[in-house]
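Report on one structure; see the data block that follows.
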Amino acid sequence: MPKWIFVLLVIPILLGMPSISFASPPEPPADISLGDYQRVNTYLKKLITYWLEDEDVAGLSVAVVSGSQVVFEEGFGLSDLDTERPATPDTIYRIGAISGVFTASLILRLSELGMLQLDDNINKYLPTLRFQYCDDQKYTITIQNLLTHHAGLPISRFEGSWTEQKSDMQTLLTQLNDSYASYPPNTIYAYSN
């Protein structure tokens, strides 16, 4: 065995560390009293560090909010692998499809408050939006259809989605208007942005 492999195996053992890690996630504290954020923060740091390693994640930023107070915020790992820039609480990430989760949560809250109904026709809010259908029928797309990916929206319409330039809603609606829907609403599940 080459000397350098032997050294890599023996030094961690002498230091009390395993040379190959088969670690399991850290155990959460057994009893955390309400408001004991120090123990929560300590546990979160251990857990997130474990996840980064176990799931091979480059980096992430985390904030824990209680009421209106930020009780924990920290960056872990790297925000940019090429420059090895560390992640911080202020790192800006591309949100991608996660924006749908936030949008759905806010829409459900508006529904709870009675400000909209999930079965509302989307033309109530976007009156100029219209699609064509291969069977020349008229269909109603509801908010729930959009939230559950059952709206039949055209799948090839990504204009404005992958650009650094801002585009307003009317421009997007104009691009979508009179395009053909992929299928009638409420018939097929298909992920849609």
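The values are calculated or read from the model by the stated rules, or taken from the named source; none is laboratory data. Keep in mind it's a predicted model, so treat the numbers as computed, not measured. With ideal geometry, Cβ positions are generated from the backbone for all residues, glycine too; neighbour counts draw on all protein chains shown. Ligands, DNA and RNA are excluded from the accessible area calculation, which covers all protein heavy atoms including side chains. Shrake-Rupley method; radii C 1.70, N 1.55, O 1.52, S 1.80 Å.
Numbers at a glance
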{"item": "Every residue from the range 166-181 that is open to solvent by 90 Å² or more (accessible area, probe 1.4 Å) and either aromatic (F, W, Y) or touching a strand residue (DSSP E or B) at 6+ places or on another chain (Cβ under 6 Å) (or both)", "result": "Y180"}
{"item": "Some residue of the range 71-82 being in contact (Cβ under 8 Å) with a residue 24 or more places away in the chain and either surrounded by fewer than 13 Cβ atoms within 10 Å (Cβ to Cβ) or part of a helix (DSSP H, G or I) (or both)", "result": "no"}
{"item": "Considering residues of the range 92-103 that are exposed (fewer than 14 other Cβ atoms within 10 Å of the Cβ) and not β-branched (V, I, T) only, the residue modelled with the highest pLDDT", "result": "F102"}
{"item": "Residue match in the range 134-148 (condition: of a type in the set (S, T, Y), closer than 23 Å to A97 by Cα and at pLDDT 85 or above)", "result": "yes"}
{"item": "Hits in the range 53-70 - residues which are open to solvent by 80 Å² or more (accessible area, probe 1.4 Å) and in contact (Cβ under 8 Å) with a residue 24 or more places away in the chain", "result": "E53, D54"}
{"item": "Residue among T128, T103 that alone is among the polar types (S, T, N, Q) and part of a loop (DSSP other than H, G, I, E, B)", "result": "T128"}
{"item": "Which listed residue is out of contact with any helix residue (DSSP H, G or I) (no Cβ under 6 Å at 6 or more places or on another chain), modelled with pLDDT under 85 and within 21 Å of D120 (Cβ to Cβ), from L153, L172", "result": "L172"}
{"item": "Near pairs, Cβ below 7 angstrom, 6+ apart or cross-chain, from the range 124-149 (farther than 20 Å from A104 by Cα and β-branched (V, I, T)) to any residue that is in a loop (DSSP other than H, G, I, E, B) and modelled with pLDDT of 95 or more", "result": "none"}
{"item": "Matching residues in the range 131-153 - criterion: being of a type in the set (A, V, I, L, M) and part of a loop (DSSP other than H, G, I, E, B)", "result": "I141, A151, L153"}
